[in-house]
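Engineer: Here it is, the structure in full.
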Amino acid sequence: MSAALETTEGHIASAMRTDAPPAIVLDKVNKWFGALHVLRDVDLQVATGERVVVCGPSGSGKSTMIRCINRLETHQEGRIIVDGIELSDDLRALDAIRREVGMVFQSFNLFPHLTVLENCTLAPIWVRKMPKKEAEELAMEYLTRVKIPEQAKKYPGQLSGGQQQRVAIARALCMKPKIMLFDEPTSALDPEMIKEVLDTMVMLAATGMTMIVVTHEMGFARQVADRVVFMDQGEVVEVGTPDQVFNDPKTDRLKLFLSQILRGH
Amino acid sequence: MSDITANTSVPRSAPRREAPVATTGALAWLRANLFSGWLSTAVTLALGYLIVRAVMGLVDWAFINAIWSVPIAPNGQAQTQACRELQGSGACWAVVTEKHRFMLFGTYPYEQHWRPALVCVLFVGLYVVSAMRRFWNWTLVPIWMGTLTVIGILMWGGVFGLPYVPQERWGGLPITLILATFGLAFAFPLSILVALGRRSNLPAIKVLCVLYVELIRGVPLISLLFMASVMFPLFLPEGMNIDKLLRAQIAFILFAGAYLAEVVRAGLQGLPKGQYEAADAMGLSYWQKTGLIILPQALRMVIPPLVNTFIGFFKDTSLVLIIGIFDLLTAGKTAIVEPAWQGFGVEVYVFVGLIYLVFCFAMSKYSAGLEADLNKHRRR
């Protein structure tokens, strides 16, 4: 899909630290939407600095899983521990986790009534209690890093999809999170804008950020992922290095999925 | 046809040209919209004739044949024979000239009329200041508190050498402005809380808000006003009495609040779920999310229906006449009870109607500007 990424040389060196406590632990997580069992005994450990790509057919529960990590969805059974804090009904624990976990959505979800700069400074000012000037400097730094500092005074509606998604990444980074979650960040983009967003994510991976990315971008997975998780029907079916998962699938379900997504390329 | 080699070479872009002359300009507009065929020409001419006739008739009545003043007999009686001889062919503006102070200020003591007049000016000043976005911050709170205190002092008096005027003698425009301003100023924040409450996850709050909206919205405003004026005092302990205007005011706030709450709720529902999720994911608290992300967007979306409701309630203040409060419209009606002026209702209602129109039109124009201004971000 993204030829440019596959031709760049090799895998980005990982900053994964197996000696440190895991950044995220999912332990036998179960969730139902009404009678529908959408997460079934999901087990997953993500080490600090590790990059995990989650793929699977639509309806496989991959988005639901990462949305459980910052409790946009609540799980009903099992345990989720993020940055050493267990997710529970305790609102203070939840606030602490959300401060450390940034999220990028498929549909960007920028705040349309605020400028790009205000989008980026909002959470640092109100959640981190950062002085406005400092927050603006920080925001400009991250906007420069995602290569759109000149758009700071514009409103999100005036930007292209790719630019909006890069702003969304900068906005999440302004909270200086320890973990970044990406929920199909390129699925809503026109083809010519996918690369600029993926490049930004590759750059972020090179900084050693802990990342969980739900995506079908195989080139990105090969280049960046330490592990690829394949989910189907609410279960984690296979986990392995990109090589193992893409070149040596063990299950029929993964083989079928790979043949389906590769057919178009 | 051109030859094939020319077609397969680098395509030339078509030059940009001006639009053909005949499709732009005033003449083209006239032809396209008013005289596009024989039927449309006929309709245009017929309607044009009717409009000219109507306008000429109105000008005749309101200006050319109108009488602006009548002599006053030594006993203070107005002599309106001249007006009556017109037999409706011209307006008798003399009734407005003679009675305008009664219409504007009701039975407020005549020599103290400068006080309600100043109150009206203060209200208008308050609206103008509140409309300026430069003041959209905490400074508005002391400005409102201060102005409303001064208004209260002016109306009641009893201090600073101002003679005391009981509420029963207030009337006219100040009553309308007091009811509308306090009514909407309290009903609007109330409605936001109720709208948020209706979407709350806490069942008790949700049920309470739904009950409030459905109960209040389900009864006519008139019956609420009756309840406030007749039934409510029965529940009060003996000797305790709450001002009639205040009771009407509270009924009015509750009623407007229920209607506005549904308008605000429509705005809340119009917001995509992603906005709530993005705010949650950032770690914003409920009130931060609501105040910074949700309400600013939801309220912008519902400016037209909000102003619609505001304008409706501004005029609904005239319903207080049924519990004997003397608002602008009631004062106008009462002005023509006097035998000398009986039968000049049209002129009085035109005058009162114009005052309502000025306020409502100002609200409407302001909201149109505000809407365009606040929704700038939607334009590309």
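The values are calculated or read from the model by the stated rules, or taken from the named source; none is laboratory data. Note that this is a predicted model, so its numbers are computed, not measured. So basically every Cβ, Gly included, is an ideal-geometry build from the backbone, and we count neighbours across all protein chains shown. Ligands, DNA and RNA are stripped out before the accessible areas are found, and what is left, the full protein with its side chains, is counted by its heavy atoms. Shrake-Rupley method; radii C 1.70, N 1.55, O 1.52, S 1.80 Å.
Engineer: Quick one: pull the percent of accessible area on the protein assembly as shown belonging to carbon and sulfur, 1.4 Å probe, ligands and nucleic acids left out.
Structural biologist: Numbers: 21000 of 33320 Å².
About 63 percent, which is the carbon plus sulfur part of the accessible surface.
Engineer: Quick one: net charge around residue A:147, please, counting Lys, Arg +1 and Asp, Glu -1 for every other residue with C-beta under 13 Å from its C-beta.
Structural biologist: So the environment of residue A:147 carries a net charge of -1.
Engineer: Considering amide H positions built from the backbone, and no H for Pro or chain starts, which residues 5 or more places from residue A:48, or on another chain, come under 5 Å of its amide H?
Structural biologist: Excluding prolines and chain starts, which carry no amide H, the hits are A:17, A:23.
Engineer: By how many nm would the segment from residue B:127 to residue B:286 lengthen if fully extended, with 0.36 nm per residue of separation less the alpha-carbon distance? Working shown, then result.
Structural biologist: Details: separation 159, 0.36 × 159 = 57.24 nm, distance 3.12 nm.
Here the segment from residue B:127 to residue B:286 would lengthen by 54.1 nm.
Engineer: Can you find, among A:224, A:160, A:244, the residue sitting farthest towards the positive end of the charge dipole of the range A:48-263, where Lys and Arg contribute +1 and Asp and Glu -1 at Cβ?
Structural biologist: Selected residue: A:160.
Engineer: Let me ask something else. What is the gain in length, in nm to one decimal, between residue B:97 and residue B:159 on full extension, counting 0.36 nm per residue of separation less the C-alpha to C-alpha distance?
Structural biologist: Separation in residues times 0.36 nm, less the Cα-Cα distance, equals 19.1 nm.
Engineer: Next up: Once you order the gyration tensor axes a ≥ b ≥ c over the Cα atoms, which shape class does the range A:48-263 get: rounded for a/c under 1.5, otherwise prolate or oblate by comparing a/b with b/c?
Structural biologist: On the way: a/c = 2.09, a/b = 1.39, b/c = 1.51.
Oblate shape, in that a/c is at least 1.5 and b/c is the bigger or equal ratio.
Engineer: Ok, one more. In the range B:194-223, which residues have a backbone nitrogen under 18 Å from the label point lying 7 Å from residue B:144's Cα in the Cα-to-Cβ direction?
Structural biologist: Residues B:194-196 fall inside that zone.
Engineer: When only DSSP loop residues count, what trypsin sites (Lys or Arg not before Pro) in the range B:40-101 have their Cβ near at most 16 other Cβ atoms within 10 Å? Display every interim value, and only then the final one.
Structural biologist: Details: sites: B:53, B:84, B:99, B:101; in loops: none.
Those that pass, being in a loop and sparsely packed, number zero.
Engineer: Can you pull the mean other chain C-beta count within 10 Å for peptide A:110-123?
Structural biologist: 4
Engineer: If I model a spin label at residue A:188 and residue B:242 as a point 7 Å from the Cα along the Cα→Cβ vector, what separation in nanometres do I get?
Structural biologist: For residue A:188 paired with residue B:242, the spin-label model returns 4.8 nm.
Engineer: Efficiency by 1/(1 + (r/R0)^6): what FRET value for residue B:137 and residue A:12, r their Cβ-Cβ distance, R0 = 56 Å, to the nearest 0.05?
Structural biologist: With R0 = 56 Å, the Cβ-Cβ based efficiency is 0.70.
Engineer: Mind putting a number on the dipole of the protein assembly as shown about its Cα centre? Charges go on the C-beta only, +1 for Lys and Arg and -1 for Asp and Glu, and I need it in Debye to the nearest 20.
Structural biologist: 1040 debye
Engineer: How high is the relative contact order of chain B, in percent, with contacts defined as C-alpha pairs under 8 Å that are six or more residues apart? If you can, show how the numbers build up before the last one.
Structural biologist: Details: 347 pairs, mean separation 68.3, N = 380.
Dividing the mean separation by the residue count of chain B yields 18 percent.
Engineer: Taking every DSSP beta bridge with both residues inside the protein assembly as shown, roughly what % is antiparallel (nearest 5)?
Structural biologist: If I count the DSSP bridges inside the protein assembly as shown, around 50 percent turn out antiparallel.
Engineer: Considering only Cα-Cα distances, which of the following residue pairs are longer than 31 Å: A:62/A:132; A:255/B:273; A:31/A:132; A:250/B:273; A:147/A:250; A:28/A:176?
Structural biologist: Going by Cα-Cα distance, A:62/A:132; A:255/B:273; A:31/A:132; A:250/B:273; A:147/A:250 fall outside the 31 Å limit.
Engineer: Using a 1.4 Å probe on protein heavy atoms only, how many Å² of accessible area do A and B hide from each other, summed over both chains and rounded to 100? Walk me through the intermediate numbers first.
Structural biologist: Numbers: alone 12370 and 22940 Å², together 33320 Å².
Buried area between the two chains comes out at roughly 2000 Å².
Engineer: From the phi angles alone, apply the Karplus equation (6.51, -1.76, 1.60; θ = phi - 60°) to the range B:251-260 and give each ³J(HN,Hα) in whole Hz, x where the residue is Gly or Pro.
Structural biologist: 4, 5, 4, 4, 5, 4, x, 5, 5, 5
Engineer: Have a look at the range B:45-125 and give its Rg and Dmax from the Cα atoms, expressed in angstrom.
Structural biologist: Cα-based Rg and Dmax for the range B:45-125 come out at 18.0, 55 Å.
Engineer: Taking H as built 1.01 Å from N, whose amide H comes closer than 5 Å to the amide H of residue B:108, not counting residues under 5 places away?
Structural biologist: The answer is B:171.
Engineer: OK, next. Kirkwood Rh, the protein assembly as shown, all Cα pairs: how many Å?
Structural biologist: 31.0 Å
Engineer: Another question, if that's okay. Search the structure for amide H atoms under 5 Å from the amide H of residue A:231, placed 1.01 Å from N in the peptide plane, and list their residues when 5 or more places away or on another chain.
Structural biologist: Long-range HN contacts for residue A:231: A:55, A:56, A:237.
Engineer: If you don't mind, there's one more thing I want to ask. Would you tally the net charge around residue B:206, using a Cβ to Cβ cut-off of less than 15 Å, leaving residue B:206 out, and scoring K and R as +1, D and E as -1?
Structural biologist: +1
Engineer: Within the range A:48-263, what percent of beta bridges assigned by DSSP are antiparallel, to the nearest 5?
Structural biologist: Beta bridges within the range A:48-263, antiparallel portion: roughly 30 percent.
Engineer: Using the Karplus curve 6.51 cos²θ - 1.76 cosθ + 1.60 with θ = phi - 60°, work out ³J(HN,Hα) for each residue of the range B:57-69 in order, rounded to whole Hz, and write x for Gly and Pro.
Structural biologist: Values per residue, Gly and Pro as x: x, 5, 5, 4, 5, 7, 10, 5, 8, 6, 10, 9, 8 Hz.
Engineer: Residue A:133: net charge of surrounding residues, Cβ under 15 Å, Lys/Arg +1, Asp/Glu -1, itself excluded?
Structural biologist: Local net charge: -2.
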